[in-house]
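Peer 1: Please see the structure below; I have some questions.
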Amino acid sequence: MRKTIVAFLTLLMLAPTAALADVTRQDLEEAQEKVREVSRRLEGELTELDQSIGLQTSYEDRIAAIEELIVERRREIVILELQARERAQTLYMSGSSAGEETLFGVDDISTVGARAVYMDSLAGQEHDIVNDLLFLQNDAARLQTELEQLAVEQEDKIGRLEESSSDIYAELEIANSEYQVVYQQWQKQEAERRAREEAARRAAAAAAAAAAAAASNYSSSSHVSPSGRTCPVAGAHSFRDSWLEPRSGGRQHHGLDMIAPRGTPLVAIESGYIWSMSYHYLGGNGIYVKGNSGDIYYYAHLDSYAPGMAQGVRVDKGQLIGYVGDTGNAKGTPHLHLGYRPGGGPLTNPYQLMVKLCR
């Protein structure tokens with residue numbers, strides 16, 4: 001399937017594109033419905049992909065833990081080997097009844113016969129040193145074997161994950177290529193319209209939305225009206241409700257991941273202004289939009305910003321502000337992490353609102 005999708009996508013990208021006549025709103029809505037259908041169909045596959053990513057994280061954590069244990073075991077072995085050599089020298093110098101012929105290098109004590117002779121020549125503490133040393137040697141060998149097995153299993157999982165991820169992104173690329181032809185023409189028309197018109201911008205009250213969010217324990221944005229808003233991803237994408245799901249470092253997911261091909265346009269959900277722009281080691285390139293409603297939207301992992309974006313710049317609903325990327329901790333999985341704060345209050349699950357706007 002992957003080869004078929006890639007081949008079709010290649011032909012689609014190489015095909016000459018004829019100049020489009022003016023795009024009507026109906027044309028745009030029909031193109032949007034096509035990418036929404038892809039989004040709905042891929043949601044189930046995203047669950048499987050998220051599970052694979054979680055499993056990959058558990059492998060990485062276990063491998064790191066084993067590597068630390070192996071280093072610790074080796075350090076303890078070196079210390080015990082030195083103690084064993086010192087004990088053997090002490091016995092020899094004190095004229096042990098076992099005789100010089102029973103003394104041998106510490107490397108030989110792992111053999112059954114030599115170990116028996118050596119332990120016969122020691123008492124009490126000497127027995128503990130040898131037993132501890134043999135335990136650590138065996139445990140280090142066991143850990144090394146487990147580490148090698150995990151490495152093999154991890155390599156297999158990585159291959160499957162890459163295959164699944166490639167299929168999803170290839171299908172999104174096809175849908176996105178078709179949509180962008182219509183969308184870019186529509187954006188051109190909208191830019192011309194904005195240049196001709198002087199729009200009066202008014203602020204909208206957000207107290208009701210903030211109160212409703214507080215009453216819902218911030219777990220749902222279903223109470224928020226989609227009026228005056230638009231989908232933030234202007235292209236093929238898909239998403240699922242992952243609110244409060246566990247993340248690395250004991251964190252929880254306080255947002256919505258909307259996966260899309262790298263470079264897919266991101267637009268202002270509603271009219272307002274650029275509240276802030278910054279880089280964070282987790283969120284990568286980020287941009288905050290504060291809408292006229294008072295709601296704040298956080299866009300994370302951007303590949304780049306749209307020209308002209310800066311703190312305080314006014315933006316219209318649907319205006320280009322940046323592009324999908326994988327900066328921060330999203331390496332290899334381009335997507336928009338969307339944070340949502342109704343009325344500028346606490347973070348609230350944006351999934352229900354995005355269903356209204358994007359599907």
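No lab work stands behind these numbers, since they all come straight from the coordinates. From a predicted model like this one, the values you see are computed outputs, not experimental measurements. Methodologically, a virtual Cβ is constructed for each residue, glycine included, from the backbone with ideal geometry; neighbour enumeration extends over all protein chains shown.
Peer 1: Using a Förster distance of 35 Å, how high is the FRET efficiency between Glu155 and Ser276, based on the Cβ-Cβ distance and rounded to 0.05?
Peer 2: 0.25
Peer 1: Arg196 versus Ala310, label points 7 Å from Cα toward the beta carbon: distance in nm?
Peer 2: A separation of 3.0 nm, rounded to one decimal place.
Peer 1: Which of Lys290/Lys356; Lys188/Lys331; Lys290/Lys331 have a Cα-Cα distance over 24 Å?
Peer 2: Lys188/Lys331; Lys290/Lys331
Peer 1: Taking amide H positions as placed in the peptide plane 1.01 Å from N, state which residues far from Ser238 in sequence (5 or more) or on other chains have amide H under 5 Å from it.
Peer 2: Those lying under 5 Å, H to H, from Ser238 are Ile259.
Peer 1: A further question on this structure: Under a plain spin-label model, where a point goes 7 Å from the Cα along Cα-to-Cβ, how far apart in nm are Leu347 and Gln184?
Peer 2: Result for the modelled spin labels: 3.5 nm.
Peer 1: Per 0.36 nm of contour for each residue apart, how much would the distance between Glu72 and Glu30 grow if the chain were fully extended, relative to their Cα-Cα spacing?
Peer 2: 8.9 nm
Peer 1: Please give the contour-minus-distance gain from Leu147 to Met93: 0.36 nm per residue of separation, less the Cα-Cα distance, rounded to one decimal in nm.
Peer 2: Separation in residues times 0.36 nm, less the Cα-Cα distance, equals 15.2 nm.
Peer 1: Here's something else I'd like to know. As an exercise, take the mean of 1/r over every pair of distinct alpha carbons in the range 201-359, invert it, and state the Kirkwood radius in angstroms.
Peer 2: So the Kirkwood estimate lands at 15.4 Å.
Peer 1: Run the quick spin-label model on Arg40 and Glu60: label points 7 Å from Cα toward the beta carbon, then report their separation in nm to one decimal.
Peer 2: 3.5 nm
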